[in-house]
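Take a look at the structure set out below.
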Amino acid sequence: MTTAGSGAAPMVRAEGVHKRFGRTEVLRGISLEVAAGEVCCVIGPSGSGKSTFLRCVNHLEKIDAGRLEVDGTLVGYREEGDRIHELREREVAATRRDIGMVFQRFNLFPHMTALGNVMEAPVQVLGTAKRDAETAARALLDRVGLGDRAGAYPAQLSGGQQQRVAIARALAMRPKLMLFDEPTSALDPELVGEVLDVMRGLAADGMTMLVVTHEMGFAREVADQVVFIDEGVVVEAGPPADVITAPREPRTRDFLSKVL
Amino acid sequence: MATRPDDIRAVPVRHPGRWVAAAALGVLVAMLVHFLVTQHKLRWDVVASNLFAHPVLVGVERTVLLTVGCMAIGVVLGVVLAVLRMSPNPVLKGVSWAYIWFFRGTPVLVQLLFWFFLPSVVASLSVGVPFGPSFLHADSKTVVTQLVSVLLGLGLNEAAYMAEIARAGILSVDAGQSEAAAALGMRRVQTLRRIVLPQAMRVIIPPTGNETISMLKTTSLASTIGYLELLGTAQEIYARNYLIIPLLLCISLWYLALTSVSYVGQYYLERRFGRGAARELPPTPLQRVRVALAGRPGQGLG
């Protein structure tokens, strides 16, 4: 165990994070902290930069300015004295192992079965023996309620089932942090519940989660912290009882009046 | 609910145009068959006696060998070129672009002759430090044989076409797939090998089958440098007996047979890489025959 991970340092720490795409500045100084074991829900209008921020946390996007740390370590860079070095591809890949990510459009590997999807990274990245990886993968599929669908290809599964496989796939790497990028936005309304149930279970087990979502009910019930982002800055952050139930900022109130 | 109404019994639409077209085509086909059967100068007896003659079989073997060899070079080098072409490194990208530009821009027969006659200008080949000392020497005539010049000529040309096919396949895979793999900690090469290429294969295989069939026949260019594959063998035989048409018919039957075999190979490859693309894989022809025999006898011809 590293000392950084246990207790004192936050799991995610962002300080003035900036991100540009060409000339548009998508993130204009995001600062937030997520403690270990905490569930943080990020809400905000579309185009506010919340998904981009999430993608910065595992370096799928490179930040242009500011500081972003996961578990006390800089994301995508290494500090030596006052100089900052870009990490090599191998090093970036190594840091991503500990951060699970679930995508809006599932992004399951369509040419592999549910079981194959969950086993892929442990076998290819960690070099786990196939038999051990299979045992672990079956246990994870059981945990998301899909033990009987292990042999199914993604095209044979419903959206909700696919997203649960995607969660199991991310968990197979035993991450210390899970990122969810609008995990229920591509689902038919009647399938949203089964995915949120799995996420509730994860939260109850103490997983640190950063969730970009439009599910205000979920945020209110499960989140320890809700962060409202608009136009690339954090407008308001705090417990759901404050941010969702009694927002201080007019922009937050305006947004919530449209989605609630 | 009321009782179910009777099925509609409508008078079908007539298609006189189709009957006329079918009749006209029927007459043309009948004329062709009549010509093939009654024209005694076609000498089907010569076709039959040469079909399995030893030199022809050797020619078949060489044609197959050339096709497999050239396609292997083409596919492997083509995938490498496609990956280079999509590299962020401008030098690699440029080299790949220039390769494709050159090899697609000059006739394949010219390239074949070029490799064959190269030893006349470059007498020896050596391996070593560029512009420095070398360790391995060889006379280029012993290295660049007829076979090697055909493999180089057709294989390197094919690579340029396969590069574009492979690139199209790689581009057809959703970017979310690479992102998901990256998020799991997979490296670029792993992602390409395990995630992207297997999915790209679905798009790559049909045009590659097309290229293979094309290559099967392009190998006949090897006869121009005196390599005795199917066409070269036929030419050698009819140079002696002047039975040109019968021998061309004979090797045409072989080309048709080989093409048909490659159809079967393509079918099973497509099936293999189609996993997950559809909810159910279609049955193989063999399975279909089995179902037809076991399940519903008499179906199909009734």
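In this structure, is residue B:239 open to solvent by 40 Å² or more (accessible area, probe 1.4 Å), among the hydrophobic types (A, V, I, L, M, F, W, C) and out of contact with any helix residue (DSSP H, G or I) (no Cβ under 9 Å at 6 or more places or on another chain)? Can you show your working first?
On the way: open to solvent by 40 Å² or more (accessible area, probe 1.4 Å): yes; among the hydrophobic types (A, V, I, L, M, F, W, C): yes; out of contact with any helix residue (DSSP H, G or I) (no Cβ under 9 Å at 6 or more places or on another chain): yes.
So residue B:239 fits the description; yes.
So, of the residues in the stretch B:143-193 that are open to solvent by 20 Å² or more (accessible area, probe 1.4 Å) and charged (D, E, K, R), which turns out to be nearest to residue A:54 (Cα to Cα)? Among those that are open to solvent by 20 Å² or more (accessible area, probe 1.4 Å) and charged (D, E, K, R), it is B:179. Among the listed residues A:143, A:131, which satisfies the condition of being in contact (Cβ under 8 Å) with a residue 40 or more places away in the chain, farther than 20 Å from residue A:219 by Cα and open to solvent by 50 Å² or more (accessible area, probe 1.4 Å)? From the options A:143, A:131, the qualifying one is A:143.
Can you work out which of the residues in the stretch A:154-172 that are part of a loop (DSSP other than H, G, I, E, B) and surrounded by fewer than 21 Cβ atoms within 10 Å (Cβ to Cβ) is farthest from the other protein chains (Cβ to nearest Cβ)? Before you say what the answer is, go through the steps one by one.
Our first condition is that a residue be part of a loop (DSSP other than H, G, I, E, B); within the stretch A:154-172, this holds for A:157-158, A:172.
Going one step further and asking which of them are surrounded by fewer than 21 Cβ atoms within 10 Å (Cβ to Cβ), we end up with A:157-158.
Numbers: A:157: 10, A:158: 12 Å.
The extreme case among them is A:158.
Hey, among A:95, A:128, which residue is hydroxyl-bearing (Ser, Thr, Tyr) and under 26 Å from residue A:53 (Cα atoms)?
Within the list A:95, A:128, the selection yields A:95.
What helices (runs of 4 or more DSSP H), lying completely within the stretch B:128-191, carry at least 1 residues that are within 14 Å of another protein chain (Cβ to nearest Cβ) and farther than 30 Å from residue B:225 by Cβ?
Details: elements: B:140-143, B:146-171, B:175-183.
Correct list: B:146-171, B:175-183.
For the stretch A:199-253, which positions are hydroxyl-bearing (Ser, Thr, Tyr) and farther than 21 Å from residue A:102 by Cβ? Step through it out loud before you land on a result.
First, the residues of the stretch A:199-253 that are hydroxyl-bearing (Ser, Thr, Tyr): A:208, A:213, A:245, A:252.
Once the filter is applied, which keeps residues that are hydroxyl-bearing (Ser, Thr, Tyr) and farther than 21 Å from residue A:102 by Cβ, the stretch A:199-253 yields A:245, A:252.
Could you tell me whether residue A:207 is in contact with an Asp or Glu (Cβ under 8 Å, 6 or more places away or on another chain) and open to solvent by 10 Å² or more (accessible area, probe 1.4 Å)? It is false that residue A:207 is in contact with an Asp or Glu (Cβ under 8 Å, 6 or more places away or on another chain) and open to solvent by 10 Å² or more (accessible area, probe 1.4 Å). For residue A:114, the conditions (1) more than 9 Å from chain B (Cβ to nearest Cβ); (2) within 28 Å of residue A:72 (Cα to Cα) all hold with the exception of (2).
If you check residue A:248 against the conditions, is it within 26 Å of residue A:115 (Cβ to Cβ), part of a loop (DSSP other than H, G, I, E, B), of a type in the set (D, E, K, R) and open to solvent by 10 Å² or more (accessible area, probe 1.4 Å)? Talk me through it step by step, then tell me what you get.
Working: within 26 Å of residue A:115 (Cβ to Cβ): no; part of a loop (DSSP other than H, G, I, E, B): yes; of a type in the set (D, E, K, R): yes; open to solvent by 10 Å² or more (accessible area, probe 1.4 Å): yes.
Here the answer is no, as residue A:248 does not meet what is asked.
Close contacts from the stretch A:78-106, counting a first residue that is away from chain B (no Cβ under 14 Å) and a second that is surrounded by fewer than 17 Cβ atoms within 10 Å (Cβ to Cβ) and outside any strand (DSSP E or B), with Cβ to Cβ under 9 Å and a gap of 6+ residues or different chains, come to A:78/A:87; A:78/A:91.
Just one of the listed residues (B:229, B:280) is charged (D, E, K, R) and either at pLDDT 90 or above or crowded, with 16+ Cβ neighbours inside 10 Å (or both), namely B:229.
Of note, residue A:91 does not satisfy the criterion of being among the acidic types (Asp, Glu), farther than 22 Å from residue B:188 by Cα and out of contact with any Gly (no Cβ under 7 Å at 6 or more places or on another chain). Kindly indicate whether any position in the stretch A:46-67 is buried (at least 21 other Cβ atoms within 10 Å of the Cβ), more than 13 Å from chain B (Cβ to nearest Cβ), at pLDDT below 95 and at positive phi. Yes.
Across the stretch A:86-126, the number of residues qualifying as open to solvent by less than 20 Å² (accessible area, probe 1.4 Å), more than 12 Å from residue A:173 (Cα to Cα) and β-branched (Val, Ile, Thr) comes to 2.
Looking across the stretch A:121-131 at every residue that is facing chain B (nearest Cβ under 7 Å) and out of contact with any helix residue (DSSP H, G or I) (no Cβ under 6 Å at 6 or more places or on another chain), the one that is farthest from residue A:155 (Cα to Cα) is identified as A:125.
Just to be sure, is residue A:253 open to solvent by 30 Å² or more (accessible area, probe 1.4 Å), farther than 17 Å from residue A:50 by Cβ, of a type in the set (Lys, Arg) and not in a helix (DSSP H, G or I)? When the stated conditions are applied, residue A:253 does not pass them.
Yes or no: residue A:37 under 20 Å from the mean Cα position of the chain (by Cα), of a type in the set (Gly, Ala, Ser) and open to solvent by less than 30 Å² (accessible area, probe 1.4 Å)?
Working: under 20 Å from the mean Cα position of the chain (by Cα): yes; of a type in the set (Gly, Ala, Ser): yes; open to solvent by less than 30 Å² (accessible area, probe 1.4 Å): no.
No.
Applying the set (1) modelled with pLDDT of 95 or more; (2) under 24 Å from residue B:68 (Cα atoms) to residue B:143 leaves exactly one unmet item: (1). On the stretch given as the stretch A:176-204, residues that are farther than 26 Å from residue A:95 by Cα and either assigned to a helix (DSSP H, G or I) or touching a residue at least 60 places away in the same chain (Cβ under 8 Å) (or both) total 11.
In the stretch A:228-236 there is at least one residue that is touching an Asp or Glu at 6+ places or on another chain (Cβ under 6 Å), touching a residue at least 12 places away in the same chain (Cβ under 8 Å) and open to solvent by 10 Å² or more (accessible area, probe 1.4 Å). Does the stretch A:139-152 include one or more residues that are within 11 Å of chain B (Cβ to nearest Cβ), out of contact with any Cys (no Cβ under 8 Å at 6 or more places or on another chain) and over 22 Å from residue A:55 (Cβ atoms)? Yes: the stretch A:139-152 contains one or more residues that are within 11 Å of chain B (Cβ to nearest Cβ), out of contact with any Cys (no Cβ under 8 Å at 6 or more places or on another chain) and over 22 Å from residue A:55 (Cβ atoms).
Being within 14 Å of chain A (Cβ to nearest Cβ) and either modelled with pLDDT under 90 or surrounded by 11 or more Cβ atoms within 10 Å (Cβ to Cβ) (or both) is a property that does not hold for residue B:298.
Just one of (1) of a type outside the set (Phe, Trp, Tyr); (2) open to solvent by 10 Å² or more (accessible area, probe 1.4 Å); (3) closer than 13 Å to residue A:115 by Cα fails for residue A:194. It is (3).
The values are calculated or read from the model by the stated rules, or taken from the named source; none is laboratory data. Predicted model only: the values in this text are computed from it and were never measured. Cβ sites come from the backbone with ideal geometry, for glycine too, and all protein chains shown count toward neighbours. The area values use the complete protein model at the heavy-atom level, side chains included, leaving out ligands, DNA and RNA. Shrake-Rupley method; radii C 1.70, N 1.55, O 1.52, S 1.80 Å.
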